[in-house]
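K.L.:
Please find one structure pasted underneath; my questions will follow.
The values are calculated or read from the model by the stated rules, or taken from the named source; none is laboratory data. Since the structure is predicted, the reported quantities are computational estimates derived from the model, not experimental observations. Cβ placement follows ideal geometry from the backbone for every residue including glycine, while neighbour counts extend to all protein chains displayed.
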Amino acid sequence: MSASMFPLDANRALSRNLTFAMSAYSASTPCGRRFDISGFTLVDSGLEYGAFNSAILPEGARLQEADARLGEASRYFRSVGRPWGFWVCDDLASEIGRPSLHRLATRHRLMLSDEHQGMIADRLTPPRRVLPEADFVAADDPSTQQDFADVCAHVFAVPRDVAFGVYASASYWRAGLRGWVAYQRRRPVAIAATASAGGVIGVYSVGTIPSCQHRGYGEAITRYAVQAASHTTARTQIILQSTPAGFPLYRRMGFVPVSPVSVYLSG
């Protein structure tokens, strides 16, 4: 039966996998840390980059509780002098409501930065086109981890020192994610990572260098990464968060929409 018939379970899987994946940032640096406040997960990467320092709203949180926990998160990040963000699966915060979430974020000096579409698939459908050939190499050593960081910096406009501070860190990858780099004639052209948690395989950081975009490398490495993850876990469902640009591709690959994911960042 399709995962789309179980939206609440799918949204919970999306949120739990996201929490696991975000928590890996706390392993990036020696001063990184993760802790929980009444089910509210706080992740500090130790880096000066708000998207990697996050508070994640728990399932079923009510407005008063969320307000109190965000206040604690704000005080913590002010005390360490780092920017931070607030991530929420909108459908799991239905008791609060989207307008109230916006007002709550504003109260804590956070602004809506990104809106991703959560998606889930029972399995990937066969490709509709011939995908490019590439060598897919696990980011398991300093060389491939540095290549992963380099592609990330170029594709997602992450500051180079921040990208290398995370993705070139062996401790980040030991926290539970698996990264992959696609090479074309020994040149790194695309990346993807997976996280197996919350009963699903999560796909993250899919990106292709600008000169090789729209050729199928993103789809190819996504399929390869998912296949590799499925060989090492009993999980079969796959989740991800799509940008508007990636949405048509993921629909063709068999994904269906579940909860949107909103990201609020400090100024």
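K.L.:
Can Phe20 be described as within 21 Å of Ala149 (Cα to Cα), aromatic (Phe, Trp, Tyr) and assigned to a helix (DSSP H, G or I)?
P.N.:
In short, yes.
K.L.:
Of the conditions (1) modelled with pLDDT under 95; (2) farther than 30 Å from Gly71 by Cβ, Glu115 satisfies every one except a single condition; which number is it?
P.N.:
So Glu115 meets the others, but not (2).
K.L.:
Here's something else I'd like to know. In the set Val158, Val206, which member is surrounded by fewer than 22 Cβ atoms within 10 Å (Cβ to Cβ), of a type in the set (A, V, I, L, M) and not assigned by TED's automatic domain parsing to the domain that holds Ser45?
P.N.:
Val158
K.L.:
Would you point out the residue of segment 125-152, among those that are surrounded by fewer than 18 Cβ atoms within 10 Å (Cβ to Cβ) and of a type in the set (A, V, I, L, M), that is farthest from Ser205 (Cα to Cα)?
P.N.:
Val130
K.L.:
Would you confirm, using the coordinates I've provided, whether Pro244 is out of contact with any Leu (no Cβ under 7 Å at 6 or more places or on another chain) and part of a loop (DSSP other than H, G, I, E, B)?
P.N.:
Here the answer is yes, as Pro244 does meet what is asked.
K.L.:
Please go through segment 61-86 and give me each residue that is surrounded by 18 or more Cβ atoms within 10 Å (Cβ to Cβ) and either assigned to a loop (DSSP other than H, G, I, E, B) or among the β-branched types (Val, Ile, Thr) (or both), ordered by number.
P.N.:
Listed by number, the residues that qualify are Ala61, Arg82, Trp84.
K.L.:
Could you tell me whether segment 246-254 includes any residue that is outside the structural domain of Ser45 (by TED's automatic domain parsing), within 18 Å of Thr144 (Cα to Cα) and either in contact (Cβ under 8 Å) with a residue 60 or more places away in the chain or among the acidic types (Asp, Glu) (or both)?
P.N.:
no
K.L.:
Turning to a different aspect of this structure: Only one of Arg98, Arg123 is among the basic types (Lys, Arg) and modelled with pLDDT of 90 or more; which?
P.N.:
None of the others qualify; the one that does is Arg123.
K.L.:
Okay, moving on. Among the residues of segment 188-210, is there at least one that is free of Cβ contacts under 8 Å to residues at least 24 places away in the same chain and over 17 Å from the mean Cα position of the chain (by Cα)?
P.N.:
No, segment 188-210 contains no residue that is free of Cβ contacts under 8 Å to residues at least 24 places away in the same chain and over 17 Å from the mean Cα position of the chain (by Cα).
K.L.:
Looking at Arg187, Arg174, Arg223, which is the one that is among the charged types (D, E, K, R) and under 28 Å from Ser26 (Cβ atoms)?
P.N.:
Residue meeting the stated conditions: Arg174.
K.L.:
Here's a follow-up. Among what's in segment 240-267 and is of a type outside the set (Gly, Ala, Ser), in contact with a helix residue (DSSP H, G or I) (Cβ under 6 Å, 6 or more places away or on another chain) and farther than 24 Å from Arg129 by Cβ, pick the residue that is surrounded by the fewest Cβ atoms within 10 Å (Cβ to Cβ).
P.N.:
Pro260
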